[in-house]
Amino acid sequence: MVTTEKLDITVLFVEDEELLRAIYERILDKFISRLYVAGNGKEGLELYHQHKPDLIITDIMMPVMDGLEMVEKIRENDNNIRLVILSAYGEAEYFMDAIKIGVNSFLLKPVETEKLLTLVEELAKGILLEREVKEEELKRLKAEENLRKLNEELEKRIEDRTRDLQKEIKERIQAENDLKELNLNLENRVKGELKKRQKQQQLLIQKSKLESMGELSAGIAHEINQPLGGISMGLDNILFKLSMAGVSEDYLINKINSLFKDIDRIRQIINHVRIFSRDQNSEILETIDLNAVIYDALSMVSKQYKNHNIKIILKLSEKKCYTIGNKYRIEQVILNLLSNAKYAVEERQRLSKSDVYTKIITIKSYGINGQVVFEIEDNGTGIPKKYINNIFDPFFTTKDVEYGTGLGLSITYGIIKEMKGEISVDSEINKFT
């Protein structure tokens with residue numbers, strides 16, 4: 001147990017023995033923000049309805065209402081609450097009943113303080129993570145609603161502006177009959193206004209595109225599907241064993257441990273995406289390993305690139321490439337550059353229509369003269385020399401509107417400069433970038 005501050009969760013502790021209840025109350029109160037205690041299952045059920053705790057720790061054998069009956073009633077309406085059973089009895093029937101009800105853990109009395117607190121802290125991590133996910137979901141929904149309102153406002157402004165333009169054109173056409181000498185100038189002005197309008201519309205479309213989210217979501221889906229498959233198969237096996245009445249305690253423990261590993265994998269992926277996607281301005285700078293950041297970035301897109309038959313070659317330094325900075329911002333740089341590389345190789349394949357062309361992206365890292373360096377190279381279409389000096393300018397892009405906003409490399413340049421780094425580009429048409 002390493003927690004120094006109280007865990008921000010609500011815990012209900014149910015124990016009929018007054019001495020044990022007092023001991024555990026004193027222990028838990030030092031580590032839990034909100035703790036409620038009860039002497040039997042009936043009191044515990046009443047406190048549950050009053051305070052809706054995040055975690056219940058309960059004895060089994062108690063007067064009035066035992067612990068299993070209490071948690072079974074709670075489980076009828078609440079599948080999310082964490083449940084821990086404490087008991088002096090180790091018979092398999094109690095374990096089986098607890099598992100059927102949906103108990104998260106089963107501890108035998110007397111329980112070591114360190115063991116109990118470690119379990120509470122682990123369950124608290126899951127509770128707090130779910131709470132953060134719900135809060136982020138509410139923020140996302142609010143942002144979507146704001147975006148919808150902005151889009152409606154923009155559409156209205158576009159309609160109003162379009163009507164104004166149509167009126168203006170009609171007035172200018174009418175003026176041709178009276179002022180023929182101004183006809184050419186009038187046509188040029190109308191064309192200029194229309195062209196300006198088209199550029200404004202294109203800019204609005206570009207700004208509303210979140211071009212990287214589709215790419216990330218596809219890769220994340222691939223990453224999560226694998227442990228989800230393992231969880232599904234594991235649960236099927238447990239149900240089959242239970243139906244055959246051939247399940248053992250060791251089998252259940254091993255199988256449940258395996259399921260928890262898959263759950264932890266999913267939790268790590270979600271937590272990584274959550275931290276990566278939030279505003280990083282307030283993040284504290286830290287010592288980071290560049291190679292580890294590269295692997296983190298690839299974890300979100302590598303399977304998608306593989307599905308597109310893009311070969312990724314890693315030539316990373318065998319030594320640790322340490323630097324000071326924000327690893328999630330560097331990861332954003334890597335993902336931006338990988339996205340450009342992916343577009344370049346796929347565009348070259350589309351234009352060449354060759355069966356022998358292999359799409360390759362190479363990532364290198366090394367140290368030189370007290371600096372850490374990483375390179376991302378692709379064998380795609382290349383960048384024309386006349387555009388090399390403009391690629392880091394905001395909104396500069398040679399892609400169609402649906403493929404890019406022109407902000408990726410500008411953002412990349414800003415992040416690297418903010419970390420007091422340097423970024424450069426070299427390219428040859430249809431050879432490399």
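Would you mind telling me the share, in percent, of accessible area of segment 279-369 contributed by carbon and sulfur at probe 1.4 angstrom? Looking at segment 279-369 in its full context, I get 48 percent from C and S. The antiparallel fraction among DSSP beta bridges confined to segment 313-420 stands at about 75%.
Per-residue 3J(HN,Hα) values for segment 26-42, derived from phi via the Karplus relation 6.51 cos²θ - 1.76 cosθ + 1.60 with θ = phi - 60°, read 5, 5, 5, 4, 6, 10, 10, 5, 9, 10, 10, 10, 9, x, 7, x, 5 Hz in sequence order (x marks Gly and Pro). Residue by residue, segment 47-63 carries 3J(HN,Hα) couplings of 5, 4, 5, 6, 10, 6, x, 7, 9, 10, 10, 9, 6, 8, 7, 8, x Hz when phi is fed to the Karplus relation 6.51 cos²θ - 1.76 cosθ + 1.60 (θ = phi - 60°); x denotes Gly or Pro. A cut-off of 5 Å between modelled amide H atoms, ignoring neighbours fewer than 5 places along the same chain, links V372 with no other residue. For K359, the residues whose modelled amide H falls within less than 5 Å of its own, excluding neighbours fewer than 5 places apart on the same chain, are K311.
The values are calculated or read from the model by the stated rules, or taken from the named source; none is laboratory data. Model, not experiment: these values are computed from the prediction. Side chains included, ligands, DNA and RNA excluded: accessible areas come from the protein's heavy atoms. Shrake-Rupley method; radii C 1.70, N 1.55, O 1.52, S 1.80 Å.
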